[in-house]
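To start, the structure itself, in structure tokens.
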Amino acid sequence: MRRLGREGWVGMALVMLLACVGLWAPAFFEPQPLWTRLASWMPRLVVAAGVAVVMVARHIDISVGSVLGVSGVVGGMVIAAGLPAWAGMAAAVSCGALAGALNGWWVAGLRLPSIVVTLATMVAWREGLRWGRQGVFVNLPDTAVWMGLPMVAGQGLVIAAGLGAVAGLGWWMRNMASGRWVAAMGSNPEAGRLAGIPAGWVTGGTFVVSGSMAGLGAALLLVQSPQVDPASGRLLELEAVAAAVVGGVSIRGGAGRMRGVLAGFLLLACVGPALTYLGVKAYWDKAIHGVVILAAAAMAARAGGKQAT
Amino acid sequence: MFGDVGATRGDARALDGGVAGGSKGGLNYRVHGGEGEAARLRLVDVSKSFGAVRALRGVSMEVRAGEVHALLGENGAGKSTLIRVMAGVHAPDSGRIEVGGRVHGRLTVGTARAEGIAVVHQQPAMFPDLTVAENLALRLEQAGPWSRWRRDRHERRARECLARLGSGIDPGRLAGSLSMPEQQLVELAVAVGAGARWIVLDEPTASLTRREQERLYPVIDGLRGDGAGIVHITHRLEEVGRLADRVTVLRDGESVGTFGGRELDEGGLIERIAGRRVEGMHPGGGATRGPLRLDVHGVARAASGLKPCSLRVHAGEVVGLAGLVGSGRTELARVIFGLDRPDSGRVWVDGSEVTGTCMAMERGMAMVPEDRRRHGVVPEMGVAANLAMASHGRLFPWGWLRPGRERRVASEWTGRLGIKAGPAGSLVGTLSGGNQQKVALGRWLATRPKVLVLDEPTQGVDVGAKAEIHRWIREWTGEGMAVLMITSDLPELLGMSDRVVVMREGRVAGELPGGCSASEVMGMAMGTAGSEVGG
């Protein structure tokens, strides 16, 4: 039991929640609504995964919601201009990567605190977008929705892309030198620098990752509806941080795995629909989120208490 | 205390990287038959100054492959500077370094590493969230960012390196879960893995228990047997007899000499370490012992490594608290002042028991901490605010801040202590070290304490300010204050104290009367046979 680890506990909680729901409200598992729900979660999941990478490096990126908004509008405008859907999606990802690189340059190059830098870019992108679009939606041609595929296939593609991106990030973090450098820098930045890790590139790189994931989130959102809402992505950063924390990512850096983030995200995301299916008033959704986050933080504090500095 | 003041914290960190990278592949050392230039690490006539402080004055030292060479000296004798020269962190002002016959005017961190010099620090810098194997791999491999992370290969290599040290630490464990001696073994494994031929051990046993030390000795013996040249810095004289083939003693930045491992007994070593000192340059005691002010009885705290400690300070008395770095002096002071809660034992001030800092302050206790910038003053605030800070309860009943009262207190103490504060309202952070220390002192004197605990009251303070502070301490005790003074400065300790309480390994090793000699104090602090009085 003690070897279960932080992610293990979250996974168990998720399984128990799903088991309860399956027992009392099996309708939750009907394929079509479940499929739709999964597809609609994917943009938020990939954003959470990106933020988790930054958090493992002992930084934070709260600009991802705004970056997702900007990337979505950019991608939408590319498609509206007559280019194919994949080009618009690629544009969204590139836009996110660029925004992340900007964050990374401020944090790693100029050594500014990431909370301040990403707070500034969060406000700048959001207000810039509001001024630029005046709240007007971008209308997409019908062919762009689900990339012109039938809905079920399109949803399948979105789900595969989202889960694939998260799995890829997880593999990179565990199995490539640069992925371990991220964890090492988050665990002890001084020791990392002394061990010859290119500190600035690693730190800056994590912001490129989180920006790209926000761009990917925008791309996966883009193809799900005929319009792009410039206000989409608002408050997404808080949800992302919450999922990462619940999933066992240490706010002090160094520790965290993608499968934990996946479990944490699904746990938080499932609470709302599960309540609906169980016939409980959905108002309780956010309150339960709060309880879950506090419980996760308390568990993390107990687990990490030994090496608290 | 004197020599290493100029050595910055950044240097100490840079030093930790001494063995990073530079993987040399094989694990076996080439033993060069013991003789010849190839088997020598030599420092010749090395001098190094930091500003006006001459940390090293023409020190020469030779380490041979396959020997353990102990390096002894007081705090501030220049040991740390010498290590930093070897590790390439400090460039010597003059002199040269010869490694295996190659002559260097100075080493850089890179060339030191390439020459196979590794430093194992007392407090290893690790990645607590990563496994032991990953810690080793990050320090030893220079992998490209997109190369595969070979977990199995790293674990195998870590297991091999650790096995060579006779350790069975599981490479899959998180480094943060390792105990202190285990961390040092991992640090040694890094040196072994990097193929280091010259290993500097910086007080590896200082933070270990006796049983843990015993486990480290065979490891050091094994490295010597493999032909590594080991510089072993220690304060424990019994280790010299147990481990060292030769001994070099430093004093005040100069080499006193190199001796055979068993050439000198402990008394002889202490004499060389302490040397003959000028005494009696401080205002003499002669204070009359008043009633008992501070009574500490059986105070223990496992988390700080404190075994039960007892001591008493009377009114009008200065009690010096001596001991080596890490002997538990500051930890004891923190418990006495209530900053840390003791596991057992009690503290009385003027006959009434105190628990916690608030009560200690109410009863008239004050403590001037060691780390001025972190605990002693608030550098971002003005002199007046700093001076009044500890007296808020008395000056501002109900929390109503009254700038007039604050200014009055400030002007009284700036005047009495001669604090040169510059223009009114200047921030404490902009003052000189001596003036900052005076502010830290003044803050607590403004509370009109009956018991004053001083932790290194004159560290980093110039000679003039030091003499002034000594004169005041005498003045206050004359008015009935009881002073408990921690200091690593032996002349200060001997000159100021009416009694000296010596600590060692978290317990009170014994007590010496005022007017005792430096070698008596050092002997008790280092634990020479026969000096133990219990505790």
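The values are calculated or read from the model by the stated rules, or taken from the named source; none is laboratory data. Everything numeric in this text was worked out from a predicted model, so none of it was measured. Quick reminder, even Gly has a Cβ in these numbers, built from the backbone with ideal geometry, and neighbours come from all protein chains shown.
Results, tabulated for the structure shown:
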{"quantity": "Those helices (runs of 4 or more DSSP H) lying entirely in region B:418-524 with at least 1 residues over 19 Å from the mean Cα position of the chain (by Cα) and farther than 20 Å from B:D371 by Cα", "calculated": "B:463-478, B:490-496"}
{"quantity": "Failed item, numbered, when A:A231 is tested on (1) facing another protein chain (nearest Cβ under 9 Å); (2) not in a helix (DSSP H, G or I); (3) not polar (S, T, N, Q)", "calculated": "(1)"}
{"quantity": "Within region A:118-140, considering residues that are assigned to a loop (DSSP other than H, G, I, E, B) and in contact with a Pro (Cβ under 8 Å, 6 or more places away or on another chain), the one nearest to A:G76 (Cα to Cα)", "calculated": "A:L140"}
{"quantity": "Residue tally, condition outside any loop (DSSP other than H, G, I, E, B), buried (at least 24 other Cβ atoms within 10 Å of the Cβ) and touching a residue at least 24 places away in the same chain (Cβ under 8 Å), over region A:185-201", "calculated": "3"}
{"quantity": "Members of region A:43-59 found to be buried (at least 24 other Cβ atoms within 10 Å of the Cβ) and more than 21 Å from A:L222 (Cα to Cα), listed by number", "calculated": "A:A52, A:V53, A:V54, A:M55, A:V56, A:A57, A:H59"}
{"quantity": "Sole residue being within 30 Å of A:N188 (Cβ to Cβ), over 22 Å from the mean Cα position of the chain (by Cα) and not β-branched (V, I, T), chosen from A:L83, A:L23, A:L45, A:L110", "calculated": "A:L110"}
{"quantity": "Matching residues, region A:248-301, being β-branched (V, I, T), within 20 Å of A:I62 (Cβ to Cβ) and assigned to a loop (DSSP other than H, G, I, E, B)", "calculated": "A:V249, A:I251"}
{"quantity": "Filter result for the condition that a residue is within 14 Å of chain B (Cβ to nearest Cβ), in a helix (DSSP H, G or I), among the hydroxyl-bearing types (S, T, Y) and touching a residue at least 24 places away in the same chain (Cβ under 8 Å), over A:S178, A:S212", "calculated": "A:S178"}
{"quantity": "Residue satisfying all of: in region B:315-362; surrounded by fewer than 19 Cβ atoms within 10 Å (Cβ to Cβ) and charged (D, E, K, R); modelled with the lowest pLDDT among these", "calculated": "B:E362"}
{"quantity": "Output for region B:382-408, where each listed residue is assigned to a helix (DSSP H, G or I) and under 34 Å from the mean Cα position of the chain (by Cα)", "calculated": "B:V383, B:A384, B:A385, B:N386, B:L387, B:A388, B:M389, B:A390, B:S391, B:H392"}
{"quantity": "Any chance A:S212 is buried (at least 22 other Cβ atoms within 10 Å of the Cβ), more than 26 Å from A:V136 (Cβ to Cβ) and not basic (K, R)", "calculated": "yes"}
{"quantity": "Search result, residues across region B:167-219 that are under 23 Å from the mean Cα position of the chain (by Cα), under 27 Å from B:A39 (Cβ atoms) and of a type in the set (A, V, I, L, M, F, W, C)", "calculated": "B:L185, B:L188, B:I199, B:V200, B:L201, B:L216"}
{"quantity": "Wholly within region B:329-381, strands (runs of 3 or more DSSP E) carrying at least 3 residues that are farther than 18 Å from B:G393 by Cβ", "calculated": "B:344-349"}
{"quantity": "Tally, over region A:234-261, of residues that are surrounded by fewer than 24 Cβ atoms within 10 Å (Cβ to Cβ), within 12 Å of chain B (Cβ to nearest Cβ) and within 18 Å of A:M12 (Cβ to Cβ)", "calculated": "1"}
{"quantity": "Number of the exception - B:V192 against (1) within 11 Å of another protein chain (Cβ to nearest Cβ); (2) assigned to a helix (DSSP H, G or I); (3) in contact (Cβ under 8 Å) with a residue 40 or more places away in the chain", "calculated": "(1)"}
{"quantity": "Filtered residues of region B:59-97 (kept if part of a strand (DSSP E or B), more than 18 Å from B:G227 (Cα to Cα) and of a type outside the set (V, I, T))", "calculated": "B:S60, B:M61, B:L71, B:L72, B:S94, B:G95, B:R96"}
{"quantity": "Region B:114-167, residues that are more than 12 Å from every other protein chain (Cβ to nearest Cβ), in contact (Cβ under 8 Å) with a residue 60 or more places away in the chain and in a helix (DSSP H, G or I)", "calculated": "B:A114, B:E160, B:C161, B:R164"}
